[in-house]
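Q: Handing you this structure, nothing more for now.
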Amino acid sequence: MAFQLTPEREQELAEIFARYPNKMAACLPLLHLAQEQHGWVSDEVVTWVAEKLDVSTAHVFGVATFYSLYHTHPVGKHHVWVCRTLSCALHGADDIVKHCEKRLGIHVGETTADGAVTLHTAECLASCGTAPMMQIDREYHENLTLAKVDVLLDRLRKS
Ligand code: FES
């Protein structure tokens, strides 16, 4: 079935187009808008964006697969991103990743069976001074310990 925006998001679409000098420049915000509604960038979303921008689906797919914040397969309701770059790595990021995998029962890149959580690793999230850190959805959690991670994951599973 073809992808369509809700009436509220159609209004946002018009506002996005008004902000850019040409349609093609609006590719990233359109992908965000569609992903926000659909949960991930499916083939139908790629086709919809391509039609709105008058570009090829190959162009849109190329953009969607270049950026790690676009999901080209179904994902969980919540996203846990564990930073694994130098400062975080030196402060135990590997242990945090392994701990998350064990607690969630999944590996990095996978989603829990109930569809609640997808686990990712991330490159530097610009919070090196408070390493190790993770991002859960849009919130940063810093100076992590395994005990803090447990509290965060418990809270997430209950929400
Ligand atoms: S290295 Fe983890 S936030 Fe920069």
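Q: For residue 68, which of the numbered conditions (1) within 16 Å of the ligand (Cβ to nearest atom); (2) closer than 27 Å to residue 33 by Cβ; (3) touching a Ser or Thr at 6+ places or on another chain (Cβ under 7 Å) fails to hold?
A: That leaves (3) as the condition not met.
Q: When both residues are 6+ apart or on different chains and their Cβ atoms are under 7 Å apart, which pairs have a first residue that lies in region 82-99 and is modelled with pLDDT of 95 or more, and a second that is hydroxyl-bearing (Ser, Thr, Tyr) and surrounded by fewer than 23 Cβ atoms within 10 Å (Cβ to Cβ)?
A: Pairs found: 82/121; 84/121; 97/121.
Q: Now for a separate question. Tell me whether region 73-96 contains one or more residues that are farther than 24 Å from residue 154 by Cβ and more than 16 Å from the ligand (Cβ to nearest atom).
A: yes
Q: Out of the residues in region 53-103 meeting the condition of being of a type in the set (Val, Ile, Thr) and in a helix (DSSP H, G or I), tell me which one is farthest from residue 29 (Cα to Cα).
A: Our first condition is that a residue be of a type in the set (Val, Ile, Thr); within region 53-103, this holds for 55, 57, 60, 63, 65, 72, 75, 80, 82, 85, 96-97.
Remaining after also requiring in a helix (DSSP H, G or I): 57, 60, 63, 65, 96-97.
On the way: 57: 16, 60: 12, 63: 11, 65: 15, 96: 32, 97: 30 Å.
Checking each candidate, the answer is 96.
Q: While we're here: If you go through region 18-46, how many residues are over 24 Å from residue 118 (Cβ atoms) and surrounded by fewer than 16 Cβ atoms within 10 Å (Cβ to Cβ)?
A: The initial filter retains those residues of region 18-46 that are over 24 Å from residue 118 (Cβ atoms), namely 18-26.
Among the residues that remain, those that are also surrounded by fewer than 16 Cβ atoms within 10 Å (Cβ to Cβ) are: 18-25.
The qualifying residues number 8.
The values are calculated or read from the model by the stated rules, or taken from the named source; none is laboratory data. Since we're looking at a predicted model, the values are computed, not measured. Note that we place each Cβ from the backbone using ideal geometry, even for glycine, and neighbour counts take in every protein chain shown.
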